[in-house]
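What follows is one structure encoded as structure tokens, with my remarks underneath.
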Amino acid sequence: MDQKLVVANIGMKFGMCHVEGAMSYGAEIAAICDKNEENLRFAGERYNIPEEKRFTDYMDIVNNPDINLVTVAIPDQQHVKVSCDLLRAGKNVLCEKPLALTREDLEEIIRVSEESGAKFMVGQICRFTPAFEKAKELIESGTIGELYFVESEYAHDYMKLCDEWRADPKRHGVIGGGCHAVDLLRWLAGDPKEVFAYGTHKLLPMVEYDDATIAIMKFGNNVAGKVFVSTGCKRDYTMRTVIYGTKGTIICDNTSPTMTLFTVDEEGVTKEPQTIEVEVNNHNAAREFEVFADAILNDKAVVTDAREGAKTVAACLAIVEAATTGKIVTPDYNF
């Protein structure tokens, strides 16, 4: 398909990686946008984007007929309004995770994205992290046999990061950050059928929600799982993930240059572990943009579309409900 990608990037505090992703692909950067003029100036100077292409009002992008792809990297509470305005204007949209914070907003963005006819992608970036991509490949090749237990964690200290929008009670740590780990397990093991959770609150006095949550999940095919989310932990950021199969185990994360693979011999005895070298790229925006561009230019389905992004949030909402009520909750994936 002979079509040129003309790109705008909204949100320069978190979205500079998306500018780099578009530039690495060779797309034209027609505009960058941020309400904060200092963020806008910094990004413009860093990427040599002239002042006439810098905007503080995203409606200047909505109303520009030449722009056909927009990345949205703004506070989660604003995702739906901005994305829907762009979609209604016929723009293809790559929106950061989580897609939205409430079921009502999830339903609205699904409806608008499907009615618009434009392509829509949720930035579930773990699916493009090299170690996790390799883990998926090993699972699908049968290297570790059948899955029986999967676990991942989102450990990230928000003490110096917890500004007003992160402290919003609707943006529970499980939804805002833990959605990474939840989406990763959904990608590897399928949709959790049931969840149960406990939460504690000892680390972030500026928030009302639990700052540590552990969720136990029941997947299909007799697979169990666990997600641990701590937004106040006293350690380096990590998404340590362990994947257990009947013939082996994978230990990996998103910040290490190696991952570990255990397999068995013909008698089922565990062999010496293998160390696999991987690229460290925990926000692989270049690969993410490449996949979205391919979907647009070649009219392919977007795997992480609005419905897929909504399912991840639905699982997160179920975890929050379970931790609040003390009951087992069945996530509602019907949108």
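For the reader, a short list of remarks on this structure follows.
- Hits in the range 262-284 - residues which are among the polar types (S, T, N, Q), over 29 Å from the mean Cα position of the chain (by Cα) and at pLDDT below 95: none
- Matching residues in the range 275-291 - criterion: being among the polar types (S, T, N, Q), part of a loop (DSSP other than H, G, I, E, B) and open to solvent by 50 Å² or more (accessible area, probe 1.4 Å): 282
- Boolean, residue 66 is in contact (Cβ under 8 Å) with a residue 12 or more places away in the chain and open to solvent by 80 Å² or more (accessible area, probe 1.4 Å): yes
- Tabulated pairs, the range 230-259, first free of Cβ contacts under 8 Å to residues at least 40 places away in the same chain, second assigned to a loop (DSSP other than H, G, I, E, B) and crowded, with 17+ Cβ neighbours inside 10 Å, C-beta under 7 angstrom, 6+ apart or interchain: 255/282; 257/278; 258/278
- Residue 299 being assigned to a loop (DSSP other than H, G, I, E, B) and either of a type in the set (S, T, N, Q) or within 20 Å of residue 105 (Cα to Cα) (or both): no
- Inside the range 165-204, residues that are assigned to a loop (DSSP other than H, G, I, E, B), open to solvent by less than 20 Å² (accessible area, probe 1.4 Å) and under 30 Å from residue 138 (Cα atoms) make up a count of 3.
- Tally of residues being touching a residue at least 12 places away in the same chain (Cβ under 8 Å) and either in a loop (DSSP other than H, G, I, E, B) or open to solvent by 30 Å² or more (accessible area, probe 1.4 Å) (or both) across the range 152-164: 6
- Of everything in the range 292-306 that is buried (at least 18 other Cβ atoms within 10 Å of the Cβ) and of a type outside the set (Gly, Ala, Ser), the residue that is farthest from residue 192 (Cα to Cα) is 296.
- The range 98-132: number of residues that are buried (at least 24 other Cβ atoms within 10 Å of the Cβ) and not in a helix (DSSP H, G or I): 9
- Among residues of the range 315-335 that are more than 19 Å from residue 201 (Cβ to Cβ), those with a beta-carbon under 8 Å from a residue that is open to solvent by 50 Å² or more (accessible area, probe 1.4 Å) and in a loop (DSSP other than H, G, I, E, B) at least six positions away or on a different chain give the pairs 318/330; 318/332; 330/193; 331/193.
- Checked across the range 205-217, the condition of being open to solvent by 10 Å² or more (accessible area, probe 1.4 Å), polar (S, T, N, Q) and in a strand (DSSP E or B) holds for no residue.
- Selected residue (criterion: surrounded by the most Cβ atoms within 10 Å (Cβ to Cβ)) from residues of the range 218-240 that are among the β-branched types (Val, Ile, Thr) and touching an Asp or Glu at 6+ places or on another chain (Cβ under 6 Å): 231
- Taking the criterion of being in a loop (DSSP other than H, G, I, E, B), at negative phi and out of contact with any helix residue (DSSP H, G or I) (no Cβ under 7 Å at 6 or more places or on another chain), the only residue of the range 306-329 that qualifies is 327.
- Within the range 87-97, the only residue that satisfies the criterion of being closer than 17 Å to residue 14 by Cα, open to solvent by 10 Å² or more (accessible area, probe 1.4 Å) and not in a loop (DSSP other than H, G, I, E, B) is 96.
- Any hit, the range 54-62, residues being of a type in the set (Val, Ile, Thr) and out of contact with any strand residue (DSSP E or B) (no Cβ under 6 Å at 6 or more places or on another chain): yes
- Residue 281 vs. criteria on the phi < 0 side of the Ramachandran plot, polar (S, T, N, Q) and out of contact with any strand residue (DSSP E or B) (no Cβ under 8 Å at 6 or more places or on another chain): yes
- Number of positions in the range 232-241 that are in a loop (DSSP other than H, G, I, E, B), under 20 Å from residue 256 (Cα atoms) and not aliphatic (A, V, I, L, M): 6
- Per-region count, the range 10-35, residues part of a helix (DSSP H, G or I), in contact with a helix residue (DSSP H, G or I) (Cβ under 7 Å, 6 or more places away or on another chain) and open to solvent by 20 Å² or more (accessible area, probe 1.4 Å): 5
The values are calculated or read from the model by the stated rules, or taken from the named source; none is laboratory data. Nothing here was measured: the structure is a model prediction, and the numbers come from that model. Backbone-built Cβ (ideal geometry, glycine too); neighbour counts: all protein chains shown. Keep in mind that these areas ignore ligands, DNA and RNA; they rest on the heavy atoms of the full protein, side chains included. Shrake-Rupley method; radii C 1.70, N 1.55, O 1.52, S 1.80 Å.
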